[in-house]
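Working notes for the structure below.
The values are calculated or read from the model by the stated rules, or taken from the named source; none is laboratory data. Here the structure is a predicted model, which is why all the values come from computation and not from measurement. No Cβ is skipped: glycine too gets one built from the backbone with ideal geometry, and neighbour counts run over all protein chains shown.
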Amino acid sequence: MFNNVKEVKEFCENKKIKIIDFKVVDLAGRWHHLSIPAERFNESIIENGIGFDGSSYGFLTVEKSDMIFKPDITTAFIDPFCQIPTLTMIANIYETDGENKRFEGDPRYIAEKAESYLIETGIADENIIGPEFEFYVFDHVAYNNKPYHQQVSLDTRQAYWNTGINDYQNLGYKVQFQKGYHVDIPKDITNDFRSKATRLLEDVGIKIKYHHHEVGGAGQVELETQFGRLKEMADNTLKLKYIVKNLAIQEGKTVTFMPKPIYGEAGNGMHIHMQLFKDGQPIFYDQDGYSQLSDIALYYIGGILKHAPALLAFTNPSTNSYKRLVPGYEAPVSICFATANRSSVIRIPGYAKTPEKKRFEFRPSDATANPYLAFAAILMAGLDGVINKIDPAEQGFGPYDINIFNLPEEERSKIKSLPKSLEEAADALEKDHEFLLAGGVFTKGLIQDQISRIREEARKVNNVPHPKEFELYYDL
């Protein structure tokens, strides 16, 4: 948005901005923030940064926890939710040990290094991606995890389970179980919410392709963005989640991007479309190739599929992710590729036929991912496939242009499956991560931190008795 501090200060004066806010991302992909009066913003902050405790972000140990962040003024946008006029900008993390230098474990820096490595390989100079965002909009959520009481309660007025409510005026028009796809008004009670979110997102520079109700009858919706470069789209992912969540609160609603908030209902994915360009020209297209894909595109697919189990430690880094990745449901678990087939890990859209639109999507991922790490990891896997000419057909990954779940058991058993739990994903990353270290993009330290973090989260969940266990075992 800005090129220098002078432009920032002039903008603040013209727009009567009173507060400048800084967003910093942690390893898990959550924003933290710190704010200053607008008159305190100056060149020193850009050059010297603002100090903070890195250990509280999970980056450094307590005895060596001093870090600084420096704002990236090109990312600035006016926060639409602060009562005091506030300009927000994303910041980069720096180490303070010796000369201030970029922190190797800053997720945003890893995304930058991945984009630089792409150029260094000479394969392409632009990685264009387009995430799709599925989430649920609820009117009520309550949860409790005390030793003597476990509870989750979710509700939305449009849900099928509210058809018999007599406690208040009930107008009917509920959305049936898993019948929400493109459902129209008046059943679609979140239409105006999505339109408001779309306009707010457009105001901060995030271009929305479309919005609609999704399959989940209990309030599942989707926002799909226009495509952009890797780091830009990671920034936009966090901006989108921030705006959608805060708008929901403002509207008396609540939003979750959890992959599987409701048992039996459709889960929330974050499908990631991808393309490579070189000198402005698409390099994934070949009129004579399978599904009009070039050899580079197929090798790229081969790399992603080969490393898919390890990728899930970044693209699906929550225990809840694996309640969505269940065989036979809407989320793909079979490590294969195909055209227009939603049961495969890599799907090639059948409607994208021109060179500039030719692409494919990675379908397992969800929005519990840190987008900087997830997008960078997928790029690194794809580049490894191109560099090593990993042919997906020769590797047994397909193409499978049929519903995989309709295959005979003998045939289906030949197709490898994604990890079935967060622990399995951690195991896969532990065994297969050399491709991430190429070009110094990821570091062994960050990979180990990710493995340790998700293992610890898995232990926390696995050690808690589940209500279903009482149903199964209480009377034995």
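Here are some notes:
- Which listed residue, of ALA338, ALA331, ALA310, ALA297, is assigned by TED's automatic domain parsing to the domain that holds LYS431, surrounded by 21 or more Cβ atoms within 10 Å (Cβ to Cβ) and in a loop (DSSP other than H, G, I, E, B): ALA331
- Condition check for ALA377: of a type in the set (A, V, I, L, M, F, W, C) and either within 28 Å of ILE262 (Cβ to Cβ) or surrounded by fewer than 17 Cβ atoms within 10 Å (Cβ to Cβ) (or both): no
- Residue satisfying all of: in segment 126-161; loosely packed, with under 15 Cβ neighbours inside 10 Å and aromatic (Phe, Trp, Tyr); farthest from PRO259 (Cα to Cα) among these: TYR148
- Residues in segment 223-266 that are among the acidic types (Asp, Glu), at pLDDT 95 or above and buried (at least 20 other Cβ atoms within 10 Å of the Cβ): ASP235 alone.
- The single condition among (1) touching a Gly at 6+ places or on another chain (Cβ under 8 Å); (2) surrounded by 14 or more Cβ atoms within 10 Å (Cβ to Cβ) that PHE442 does not satisfy is (1).
- Considered as a group, the residues in segment 72-83 that are outside any loop (DSSP other than H, G, I, E, B) and touching a helix residue (DSSP H, G or I) at 6+ places or on another chain (Cβ under 9 Å) include one that is surrounded by the fewest Cβ atoms within 10 Å (Cβ to Cβ), and that residue is ILE78.
- Residue match in segment 203-220 (condition: surrounded by fewer than 17 Cβ atoms within 10 Å (Cβ to Cβ), farther than 16 Å from PRO261 by Cβ and among the hydroxyl-bearing types (Ser, Thr, Tyr)): yes
- No other residue among ASP391, ASP384 is assigned by TED's automatic domain parsing to the domain that holds PRO261 and closer than 30 Å to ILE93 by Cα apart from ASP384.
- Selection status of ASN92, farther than 26 Å from ILE206 by Cβ and touching a strand residue (DSSP E or B) at 6+ places or on another chain (Cβ under 7 Å): no
- Residue ID - surrounded by the fewest Cβ atoms within 10 Å (Cβ to Cβ), chosen from residues in segment 267-294 that are of a type in the set (Gly, Ala, Ser) and either within 30 Å of SER153 (Cβ to Cβ) or not assigned by TED's automatic domain parsing to the domain that holds TYR322 (or both): GLY267
Rundown of residues vs (1) of a type outside the set (Lys, Arg); (2) in a loop (DSSP other than H, G, I, E, B); (3) buried (at least 17 other Cβ atoms within 10 Å of the Cβ); (4) not assigned by TED's automatic domain parsing to the domain that holds LEU379, yes/no style:
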| residue | (1), (2), (3), (4) |
| --- | --- |
| CYS12 | yes, no, yes, yes |
| ILE20 | yes, no, yes, yes |
| HIS33 | yes, no, no, yes |
| ILE46 | yes, no, no, yes |
| THR88 | yes, no, yes, yes |
| ASN92 | yes, no, yes, yes |
| GLU99 | yes, yes, no, yes |
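- Of the residues examined, TYR242 is not one that is in contact (Cβ under 8 Å) with a residue 12 or more places away in the chain, under 30 Å from ASP384 (Cβ atoms) and hydroxyl-bearing (Ser, Thr, Tyr).
- Among residues that are modelled with pLDDT under 95, assigned to a helix (DSSP H, G or I) and not small (Gly, Ala, Ser), GLU63 is included.
- Inside segment 105-161, residues that are among the polar types (S, T, N, Q) and assigned to a helix (DSSP H, G or I) make up a count of 2.
- Scanning segment 403-425 for residues that are assigned to a loop (DSSP other than H, G, I, E, B) and under 23 Å from the mean Cα position of the chain (by Cα) yields a count of 4.
Yes/no matrix, rows are residues, columns are (1) part of a helix (DSSP H, G or I); (2) modelled with pLDDT of 95 or more; (3) in contact with a Phe, Trp or Tyr (Cβ under 8 Å, 6 or more places away or on another chain); (4) small (Gly, Ala, Ser):
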{"site": "ALA352", "(1), (2), (3), (4)": "no, no, no, yes"}
{"site": "ALA376", "(1), (2), (3), (4)": "yes, yes, yes, yes"}
{"site": "ASP401", "(1), (2), (3), (4)": "no, no, no, no"}
{"site": "ASP427", "(1), (2), (3), (4)": "yes, yes, no, no"}
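- The residue that is surrounded by the most Cβ atoms within 10 Å (Cβ to Cβ), counting only those in segment 451-476 that are of a type outside the set (Lys, Arg) and touching a helix residue (DSSP H, G or I) at 6+ places or on another chain (Cβ under 6 Å), is ILE454.
- PHE69 assigned by TED's automatic domain parsing to the domain that holds ASN48, modelled with pLDDT of 90 or more, within 24 Å of CYS12 (Cα to Cα) and not in a strand (DSSP E or B): no
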